[in-house]
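The values are calculated or read from the model by the stated rules, or taken from the named source; none is laboratory data. A quick note: this is a predicted structure, and the numbers were derived from the prediction, not measured. FYI the Cβ positions are ideal-geometry reconstructions off the backbone, even for glycines, and counts take in every protein chain you see. All accessible areas refer to the heavy atoms of the entire protein, side chains included, with ligands and DNA or RNA removed. Shrake-Rupley method; radii C 1.70, N 1.55, O 1.52, S 1.80 Å.
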2 protein chains.
Amino acid sequence: MTLPIGSRIGILGGGQLGRMLATAAGRLGFEAHIYDPAQNAPAAATARYHTAASYDDEAALTAFAKVCDVVTYEFENIPVAALDRIEAHAPIHPGRRALATSGDRLTEKTFLSELGLGTAPFSAVDDLPSLKEALDRIGYPGRLKTRTLGYDGKGQATISIPDDAEAALAGLIGASAILEGHIDFIREISVIAARSIDGAVACYDPGENVHKDGILHTTTVPARISPALRTDAVLIAARILEALDYVGVLGVELFVTPEGLLVNEIAPRVHNSGHWTQLGCAIDQFEQHIRAITGLPLGPGTRQSDVTMENLIGDDIGRLPDLAAENIQIHLYGKAEPRPGRKMGHVNRLT
Amino acid sequence: MTLPIGSRIGILGGGQLGRMLATAAGRLGFEAHIYDPAQNAPAAATARYHTAASYDDEAALTAFAKVCDVVTYEFENIPVAALDRIEAHAPIHPGRRALATSGDRLTEKTFLSELGLGTAPFSAVDDLPSLKEALDRIGYPGRLKTRTLGYDGKGQATISIPDDAEAALAGLIGASAILEGHIDFIREISVIAARSIDGAVACYDPGENVHKDGILHTTTVPARISPALRTDAVLIAARILEALDYVGVLGVELFVTPEGLLVNEIAPRVHNSGHWTQLGCAIDQFEQHIRAITGLPLGPGTRQSDVTMENLIGDDIGRLPDLAAENIQIHLYGKAEPRPGRKMGHVNRLT
């Protein structure tokens, strides 16, 4: 069933992803309603409605859900109580299963393994003895990560030698953790895939990602991989979508290794590594997501051009005059202060 | 001088053009402020600020102009008094000269003729005797048009035989008019061109327009014209931009005739026949306009793909389910009722 024109799409989170989702919703004739505590959230400028309230404000959540025809989100660490309250009044897409799976690194890795997909070796870590046991099994260097929260490299530590273990664990301040083995990968790629309410699946071409200081720096499409690996990547994404009975756009990060593809992580939302679709495709990932959650047919994901997306992080924003002199598509997020590590915008360049 | 990020761009008129301008402004890191009497103006949903006041509300106009760093517009029939009031506090781009010229068909045709550009034969009409004299000189059929206001074929009448003259004139209810001779054109094309504050000019490839019931139906790029005509079209647009000391995007409609190009009309704003740039170019006409009026460098207008833009008029909106099943870019304007002749949206299709 397709939502009629003028239906209201609730979006939890008013950052750049929410902002671009709101714009896409508007293009398709829907009204966007942002829920974000910050009065000056980037998405508030591009959506007709904005509820500025915290994620534990029960009355605000209920009022928000009651006026929305469907609710989606731009980040995965939404308090469960907030989801419960919203779901009493409006459907949430992608669904709870995707959120529960991707919101916990241990649950996610376990889910992927059980699907038969390759991942880095991993082990649950609750204390120093279990960390030491995991290091014995997985070897060095290992990457210790909190099970929940943390992004762009935050809440993580590398353990290169046994003596690093105790300090790394102390740095997590008691949070449940997971140890992941080191992967000697050739490159990192990601697949942006979508699944509709009636189960149709569409994928964009895999993009090749380069990180800098733990943050995505560029995505280039097409990725330098064989046609066989390209097919593998798409099939992996499709299998994950099916298993989660997923509705919406999903980002899947993959490591290319000599032995094939390993899944690094999944994100149940539009993804930074899919921003190239704004220039490369007639229907970009934001429109694709809105189409999926409103019951419209999915776009085919066909690529019209080769593109490199580059993030503008912190002071990169100072390069704007030079960037504006090129034939590139500029997307700024309307954030006031260019703090270090803060994603201020991105550009899409034809290659 | 480039306006800093976060500067506020005032936009007079909150229809679909204002809406897409506001989105482009946001992408470049600017804040959009819509001035439109209608509370539910299409652009209000995509801009951070909206003043819902009439164009003769002096206090509202002043308050609006005071918070804007630059003001632009999506339609050309803005009351002169409103412009005066705004210009006391903020620059208006494109400037008054472009508005005065294009806002009056007689002034416009005279301006074009004096530039040495070809137009349809024309004559001022004030009363029945001057109309008859004009018809004697120009011949039949002639098209009688009000000098000001009127769009999409409104305020116009065709005079096929002498007996039509009186009724045609009566239909204008006393408005000053212009008689234009009939042009037997092969096709209509348009050029979307831009000029920056420092005088740089950039043009998009000419598009070929097809009208239906007096309203633009499709624009296809590239237009089926010779390279020589393509160059002519671009040179004509550049000459108009220079002569008006223009800043911003300008639409120029041209007739292709066996004798060469004739200028049909100019529009001092982003133009419906330039919507194809949203899919065909890295920097579309809306971003180009915002770049021009804020002092950013212009994009080169390079086309990455062949595109056909199709307007969705009135009940065309009912074709949406079928259109959504194709690999096309959909742009709806958020208008509630699909009245006959009302532009509800458009689609861009790769060809």
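How long is the stretch B:43-185 along each principal axis, judged by its Cα atoms, biggest number first, in Å?
Computed over the stretch B:43-185, the largest-to-smallest principal extents equal 54, 33, 27 Å.
Where in the stretch A:58-167 are there trypsin sites (Lys or Arg not before Pro) that are in a DSSP coil and have at most 13 other Cβ atoms within 10 angstrom of their Cβ?
Working: sites: A:Lys66, A:Arg85, A:Arg96, A:Arg97, A:Arg105, A:Lys109, A:Lys132, A:Arg137, A:Arg143, A:Lys145, A:Arg147, A:Lys154; in loops: A:Arg147, A:Lys154.
The qualifying sites are A:Lys154.
Take each uninterrupted DSSP H stretch in chain B, measure its Cα extent along the helix axis, and return the ones at 20 Å or beyond whose mean Kyte-Doolittle hydropathy is at least 0.5. Let's see the in-between values first.
Values: long enough: B:227-243 (24 Å, 0.90).
Both cut-offs are met by B:227-243.
How many nanometers, to one decimal and shortest first, lie between the label point of B:Phe75 and those of its other copies, if labels sit 7 Å from Cα toward Cβ?
Result, one decimal in nm: 4.1.
Binning at 10 angstrom from zero up to the longest distance, how are the C-alpha pair distances of the protein assembly as shown distributed in percent?
Distribution as computed: 3, 14, 23, 24, 16, 10, 6, 3, 1, 0, 0 percent.
Taking the Cα centre of each part, how many Å lie between the stretch A:332-350 and the stretch A:156-172?
First find each Cα centre; the distance between them is then 32 Å.
Hey, what do the phi angles of the stretch B:39-55 turn into as Karplus ³J(HN,Hα) couplings, whole Hz, using 6.51/-1.76/1.60 and θ = phi - 60°, x for Gly and Pro?
4, 9, 4, x, 6, 4, 6, 10, 10, 6, 10, 8, 9, 9, 8, 7, 6
Using the Cα atoms of the stretch A:233-351, I'd like the radius of gyration and the largest Cα-Cα distance, Dmax, both in angstrom.
Answer for the stretch A:233-351, Rg first and Dmax second: 16.2, 46 Å.
Have a look at B:His93, B:Gly118, B:Ser130 and report the one farthest towards the positive end of the charge dipole of the stretch B:93-134, computed about the Cα centre with Cβ charges (Lys/Arg +1, Asp/Glu -1).
The listed residue farthest towards the positive side: B:His93.
Which cross-chain or sequence-distant (5 or more) residues have an amide H under 5 Å from the amide H of A:Thr148, H modelled 1.01 Å from N in plane?
Long-range HN contacts for A:Thr148: A:Arg105.
Take the alpha carbon atoms of the stretch B:16-84, find their radius of gyration, then divide it by 2.2 N^0.38 Å using N residues; give the quotient.
Computed over Cα atoms of the stretch B:16-84, the ratio equals 1.04.
If you average the sequence gap of Cα pairs under 8 Å that are 6 or more apart and divide by the length of the stretch B:71-217, what percent do you get for the contact order?
Details: 192 pairs, mean separation 28.1, N = 147.
About 19 percent, as a whole number.
Using DSSP to define loop residues, name the GluC sites (Glu not before Pro) in the stretch A:240-294 whose beta-carbon has at most 14 other beta-carbon atoms within 10 Å. Could you put the intermediate results ahead of the total?
Working: sites: A:Glu242, A:Glu253, A:Glu259, A:Glu265, A:Glu287; in loops: A:Glu259.
Counting only loop positions with at most 14 other Cβ atoms within 10 Å, the GluC sites (Glu not before Pro) in the stretch A:240-294 are A:Glu259.
Please give me, ordered by residue number, the trypsin sites (Lys or Arg not before Pro) of the stretch A:219-305 that lie in loop per DSSP and have at most 13 other Cβ atoms within 10 Å. Spell out each step's value before the answer.
Working: sites: A:Arg224, A:Arg230, A:Arg239, A:Arg269, A:Arg291, A:Arg303; in loops: A:Arg224, A:Arg269, A:Arg303.
Counting only loop positions with at most 13 other Cβ atoms within 10 Å, the trypsin sites (Lys or Arg not before Pro) in the stretch A:219-305 are A:Arg224.
How big is the accessible area of B:Ser196 in square angstrom, nearest 10, if you roll a 1.4 angstrom probe over the protein chains?
Roll a 1.4 Å probe over it and B:Ser196 shows about 10 Å².
What is the ratio of the Cα radius of gyration of chain A to 2.2 N^0.38 Å, with N the residue count, to two decimals?
Numbers: Rg = 20.0 Å, N = 351, 2.2 N^0.38 = 20.4 Å.
Here the answer is 0.98, to two decimals.
Shortest first and in nm with one decimal, please list how far the B:Pro258 label point sits from its counterparts in the other copies (point 7 Å along Cα→Cβ).
7.5
Which distances, in nm and shortest first, link the A:Glu337 label point to the same label point in every other copy, taking 7 Å along Cα→Cβ?
Relative to the other copies, A:Glu337 has label-point distances of 5.0 nm.
Mind listing the phi-derived Karplus ³J(HN,Hα) values for the stretch A:304-317, rounded to whole Hz, using 6.51, -1.76 and 1.60 with θ = phi - 60°, and x for any glycine or proline?
9, 8, 7, 9, 10, 9, 10, 6, 9, 10, x, 5, 3, 4
Over chain A, what is the relative contact order in whole percent, taking alpha-carbon pairs under 8 Å and six or more residues apart? Mind dumping the intermediate values first?
Values: 787 pairs, mean separation 52.0, N = 351.
Across chain A, relative contact order equals 15 percent.
Once phi is turned into θ = phi - 60°, what whole-Hz ³J(HN,Hα) does the Karplus curve with 6.51, -1.76 and 1.60 give for every residue of the stretch B:271-278, x standing for Gly and Pro?
Running phi through 6.51 cos²θ - 1.76 cosθ + 1.60 with θ = phi - 60° gives 9, 3, 6, x, 5, 4, 4, 4 Hz.
Considering just Cα atoms, how many Å³ per residue does the convex hull of the stretch A:46-121 enclose?
Numbers: hull volume 9.0 nm³, N = 76.
So the per-residue Cα hull volume is 118 Å³.
Please report, in debye to the nearest 20, how large the charge dipole of the protein assembly as shown is about its Cα centre when each Lys and Arg carries +1 at its beta carbon and each Asp and Glu carries -1 there. Each step should come with its number before you reach the end.
On the way: 62 positive and 86 negative charges, 8 e Å.
Once rounded to the nearest 20, the dipole reads 40 debye.
Just to compare against my own numbers: the Cα pair-distance distribution for the stretch B:138-189, 5 Å bins, whole % per bin, please.
In whole percents, the pair-distance histogram is 5, 21, 29, 23, 15, 6, 2.
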